[in-house]
Ligand SMILES: [Zn+2]
């Protein structure tokens, strides 16, 4: 078994934020996640070139989940490989790769419920601009599947849903390195200052599974996330840092769940006016001050998730 494999982190920057794609050096080279539509041109191709790697040599494009900042660039990267790379996505999120309009439906079900029509229009335009045209996946993966990158390099698929409905992590076998993207968010994204948790019960379950069963030796994350002191962490974490990141993520869920439950009156969140609608008192207690009209607004998506868990809308 190989004792190390070269992984090249590629920071895809857009607006004030960024998302990481990772190149895995293997007989059949793979790219994990792809940033947004413009990232292929702006970040992935030039960074690989610095390392003497041609983007067209990529054999695999592996997507951890269907969010715009991870999947948006898949089409453009695939085109650059002469449509030869195999594009892989979790089965539960495959429709997001196939059909760009599915992102608009998901938006309507989540953040769209909480912002004014004028912002909805703007957000939808951003989404359509940042996501490439649909592609038919070469493979739709589920928990336990393996992907061979040639030689003795292989990845196992572990479902780590909760951040999104069906997201997966890819585990590099032998080294036990986990490409976990947004399955582990500590205290939230360094830019938005809040974790995005679409389904808290699943998020918690996935974190516990990573912590107790998978025990990754290294984590490759999708963004810079905040620790308990408000400092942005590195996107790559090792050893003890992995354990700490998992614990912090579980702590944050515990804290959010407790605050949410405290704000329930007679089984529901009290209707009130304010910057964050019916979640305004929760935002005040958490001292959350993020822009409610920013895309994405992790706060609304996450509150929607706890509401579904504890109230069952
Ligand atoms: Zn995401």
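No lab work stands behind these numbers, since they all come straight from the coordinates. Worth saying up front: this structure is predicted, and the values here are computed from it rather than measured. Here the Cβ positions follow ideal geometry from the backbone for every residue, glycine too, while neighbour counts run over all protein chains shown.
Quick look at the values:
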| quantity | calculated |
| --- | --- |
| Cut-off 12 Å (backbone N to label point 7 Å along Cα→Cβ of residue 232), residues of the stretch 169-187 | none |
| Förster radius 25 Å - calculated FRET efficiency between residue 49 and residue 146, Cβ distance, rounded to 0.05 | 0.25 |
| Estimated FRET transfer efficiency (residue 261, residue 41; beta-carbon r; R0 51 Å; 0.05) | 0.65 |
| Cα-based helix-to-principal-axis angle, 298-310 vs the chain, degrees rounded to 10 | 70 |
| Gaussian network model of the chain, Cα within-10 Å springs - most flexible of 183, 19, 138 | 138 |
| Degrees separating the helix 240-262 axis from the principal Cα axis of the chain, which is the longest one | 30 |
| Expected 222 nm ellipticity per residue - DSSP helices of 4 or more, -39500 (n - 2.57), all of the chain, to 500 | -9000 deg cm²/dmol |
| Within a Gaussian network of the chain (alpha carbon springs, distance under 10 Å), most fluctuating of 192, 274, 15 | 15 |
| Relative contact order (%) - criterion: Cα under 8 Å, at least six apart; region: the stretch 50-130 | 29 |
| Rel. contact order, % - alpha carbon contacts under 8 angstrom, at least six apart, the chain | 14 |
| Degrees between helix 117-130 axis and first principal axis of the chain (Cα, 0 to 90, nearest 10) | 10 |
| Prolate/oblate/rounded call for the stretch 110-267, Cα gyration tensor, a/c under 1.5 rounded | oblate |
| The chain: most fluctuating residue of 85, 181, 74 per GNM, C-alpha cutoff 10 Å | 85 |
| Ranking of 142, 233, 38 by count of other Cβ atoms within 10 Å, fewest first | 142, 38, 233 |
| Distance (nanometres) between label positions extended 7 Å along Cα→Cβ at residue 291 and residue 13 | 1.8 |
